[in-house]
């Protein structure tokens, strides 16, 4: 198992057993890695702080700082540190603690060197894929195909993480979410960052094709298999060989075809309609639905065994109304996407308010269509409310009532900073801190009944600092009710 030395992957081995360090160091070097080793946790922390390694093998029981403590310290230095915990004391509790503290994997002694090399290869592949997804999301890598996978909302951040984690494997993924949330885009991203990236990505819409034709579409047919079968036709499963098959709206597949699909996935063979020869297939399946599969199973309209076959890893995509803070980001993206075709456009503040406040039953797909239409209508170069085919909304509707505090603040800040792009300086930082600080102080003093000692404790600041801030903001602690 050779490693491309041009990658210069650097591995740190931390273990107090001289023989084990020697074996790991020799084996990893022979595989092409650059390896350093230390005898204890404190030395591992110092080595990692001086020059972070790509991968760390970390023993749990070492003199001084133990492995789990060292793991936490390493991830403080670099949150994305890739660490494999190794120990001769393979208890469930240790494994759970290691994974909770951010370990990539857990390796119990004794182990084979081949097992270590395979784990190192997988860890580095997963790390590279995660970094690529991160670059895609930060805009350093522009791929228009995945352009609508945009968002800073925590739910979207979870989606990016799952893409990075599952892409390297062949695990089956079930994508769930409303129509227009970007399920196929996520499926294409998983394929793009997988080892199957150079092979076909074949999509099948189980809802768009009538049930009578879907079987032929999926499995293909031989000449003469039925009246209109004038020549052999390969099915989607066969066309996706070596690559990825994306089954959109799997909940709409007829039950009798679900049985045949399950058999094909289990046996990895198919037969064309009218054919007798079994055909081997090597396909990764990604499925998507906006239906409630659990209810369909209870009603007998979806096979339970197929459900568990597909639902290995679930990715739930949030609706656009659940992540309104991402709407301005998506608007900017679609404006840039169609600039070459339709010309440069801006969005007036009241038009953006209307976009943020809309409920978007069609989600991101509907937003893209609305922006494209508005760009056509806005011949003056600025999109106004009258260019939008959606009605006005109340100010209260622009942010959900149960929205997180961060989202409410961000929405208000967008309004505050809008239009300042051309200003050389607006002293905005101090202004915003002051606006947030004053109501915070008043709220805490109100909670403590004006008790400054208790208020300072809650705020986590010195009492003298609190007094200075009260004077600065003109707050009378005795006058707060």
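Read-outs: derived from the displayed coordinates by stated rules, not from any lab. On a predicted model such as this, the values are computed, not experimentally measured, just so you know. Because the Cβ atoms are built from the backbone with ideal geometry, glycine has one as well, and the counts that use them run over all protein chains shown.
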Checklist outcome for this item: Quotient of Cα radius of gyration and Kirkwood radius for segment 266-377, i.e. Rg/Rh, equals 1.18
Checklist outcome for this item: Listed with the fewest Cβ neighbours within 10 Å leading, 170, 476, 228, 40 appear as 228, 476, 170, 40
Item to check | Enclosed volume per residue, in Å³, of the convex hull spanned by Cα atoms of segment 5-110 | outcome: 87 Å³
Checklist entry - Modelled label-to-label distance, residue 66 and residue 359, 7 Å Cα→beta-carbon offset: nm? => result 5.4 nm
Checklist entry - Separation between the residue 453 and residue 468 pseudo-spin-labels, each 7 Å from Cα along Cα→Cβ, expressed in nm? => result 2.2 nm
Next on the checklist: Report the Rg/Rh value for segment 144-316, based on alpha-carbon coordinates and the Kirkwood definition of Rh.
Outcome noted: 0.98
Next on the checklist: Run the simple label-point estimate for residue 350 and residue 369 please: 7 Å along Cα→C-beta, distance reported in nm.
Outcome noted: 2.7 nm
Checklist outcome for this item: Rounded to the nearest 500, the 222 nm mean residue ellipticity computed for the chain from DSSP H runs (n ≥ 4, each -39500 (n - 2.57)) alone is -14000 deg cm²/dmol
Item to check | Cβ-based exposure ranking for 77, 166, 190, in which fewest neighbours within 10 Å come first | outcome: 77, 166, 190
Next on the checklist: Which of the three applies to segment 428-479, rounded, prolate or oblate, going by the alpha-carbon gyration tensor with a ≥ b ≥ c and a/c under 1.5 meaning rounded?
Outcome noted: prolate
Checklist outcome for this item: Taking N as the number of residues in the chain, the ratio of its alpha carbon radius of gyration to 2.2 N^0.38 Å works out to 1.23
